Amino acid sequence: MSALDLARDLATGLLSLLAPRTCAACLAALPPRATFGREWALVLCPPCRRGVEPIGAACPACGAPRPPFSDPAPRCRSCRGRPLGEVAGTVALLRYRGPARRLLHRVKYGGRDDACAPLGRALGRRVVEALGPLDPALVVVPVPLHLLRRWARGFNQAERVAEAAAEVLDRPLVPALARRRRTRPLFGVRREARDAVVAGAFRARRALGGRPVLLVDDIRTSGATLRAAAAALAAAGAGAVTAAVVAR
Ligand SMILES: [Zn+2]
Ligand SMILES: [Zn+2]
């Protein structure tokens with residue numbers, strides 16, 4: 001952590017003591033501290049909390065929820081036959097809709113990066129629940145933003161989430177990837193065309209020497225970004241790459 005980061009964190013900490021706390025999804029005033037239950041209870045009001053849908057039983061390939069015992073096939077109907085690339089599996093914490101969608105939007109564009117740590121801790125616990133004991137050599141790698149975008153936003157939400165998840169998992173956070181070029185937002189791009197838009201967008205900054213990777217991002221939609229990032233990790237010698245996302 002640089003001195004600048006430290007100063008900023010201190011300033012935000014002080015501000016949060018003075019400013020009234022609001023829900024990170026709907027901006028309603030929050031009751032004073034002391035909340036119980038799940039980690040995201042710290043940043044959400046009671047109605048939004050109730051509206052968040054945690055993912056339980058899920059497809060191991062894409063992380064999509066599915067009813068338990070419904071289908072013996074290893075992959076769910078929505079991702080069967082679609083490319084996985086170097087992504088060995090996906091774990092997701094929440095459904096990307098309702099308050100969770102508004103929450104992640106505010107994290108990205110509304111300065112609510114205070115939600116990253118609680119979400120990251122919850123994601124870490126979800127990873128253990130879904131995958132069981134982790135390989136001791138595993139490293140946690142965030143999906144990077146392009147430098148210009150990171151600079152404009154002041155932080156990378158995936159990095160903040162990954163940091164908290166790595167702490168829960170007791171594995172090192174390794175910023176092993178960089179964005180080679182800016183890519184246009186995938187919103188509105190046809191699903192089949194997305195891989196082509198992000199292909200080659202990442203490069204590895206270091207060799208991974210066979211270590212398995214937990215690749216962390218905030219949202220998975222088509223999975224194209226995760227596949228492009230995993231391809232760069234595989235090229236740098238990573239072992240199995242498992243994706244972990246806050247929502248999908
Ligand atoms: Zn709310
Ligand atoms: Zn699936």
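Laboratory data are not the source of any read-out in this text; all were calculated from the coordinates shown. Please read these numbers as outputs of a predicted model, since none were measured by experiment. Ideal geometry is used to build each Cβ from the backbone, glycine not excepted, and the neighbour counts take in all protein chains shown.
Observations on the structure shown:
- DSSP beta bridges in the stretch 23-247 [antiparallel fraction, %, rounded to 5]: 25 percent
- Computed Rg/Rh of the stretch 106-248, alpha carbon atoms with Kirkwood Rh: 0.94
- Peptides 73-82, 131-140 ranked from most to least packed by the mean count of surrounding Cβ atoms within 10 Å: 131-140, 73-82.
- When +1 charges are put on Lys and Arg Cβ atoms and -1 charges on Asp and Glu Cβ atoms, the dipole computed for the chain relative to its Cα centre reaches about 940 debye.
- Summary of packing: across the peptides 227-234, 193-200, the per-residue average of other C-beta atoms within 10 Å ranks them, highest first, as 227-234, 193-200.
- For the stretch 142-248, applying the loop criterion from DSSP together with a ceiling of 12 other beta carbons within 10 Å to the chymotrypsin sites (Phe, Trp or Tyr not before Pro) yields PHE187.
- Label sites at ARG101 and LEU134, each approximated as a point 7 angstrom past Cα along Cα to Cβ, lie 3.0 nm apart.
- Taking 16 Å as the cut-off, the amide N atoms of the stretch 181-197 that come nearer than this to a point 7 Å along the Cα-to-beta-carbon line of THR221 belong to 183-197.
- Take every pair of alpha-carbon atoms less than 8 Å apart whose residues are at least six positions apart; their mean separation over the length of the stretch 160-211 yields a relative contact order of 39 percent.
- Once the chain from ARG191 to ARG153 is taken as fully extended at 0.36 nm per residue, the excess over their C-alpha distance is 11.0 nm.
- Calculated on the alpha-carbon coordinates, the convex hull of the stretch 115-194 measures out at 133 cubic angstrom per residue.
- Values of log10 I(q)/I(0) for the chain across q = 0.14, 0.15 Å⁻¹ run -0.95, -1.10, by the Debye formula with one identical scatterer at each alpha carbon and no solvent.
- Built amide H within the under 5 Å cut-off of ALA58, gap 5+: ARG66
- Mean separation of Cα contacts under 8 Å (6+ apart) over length of the chain, as relative contact order %: 20 percent
- Protection proxy ranking, peptides 88-100, 214-226, average beta carbon neighbours within 10 Å, highest first: 214-226, 88-100
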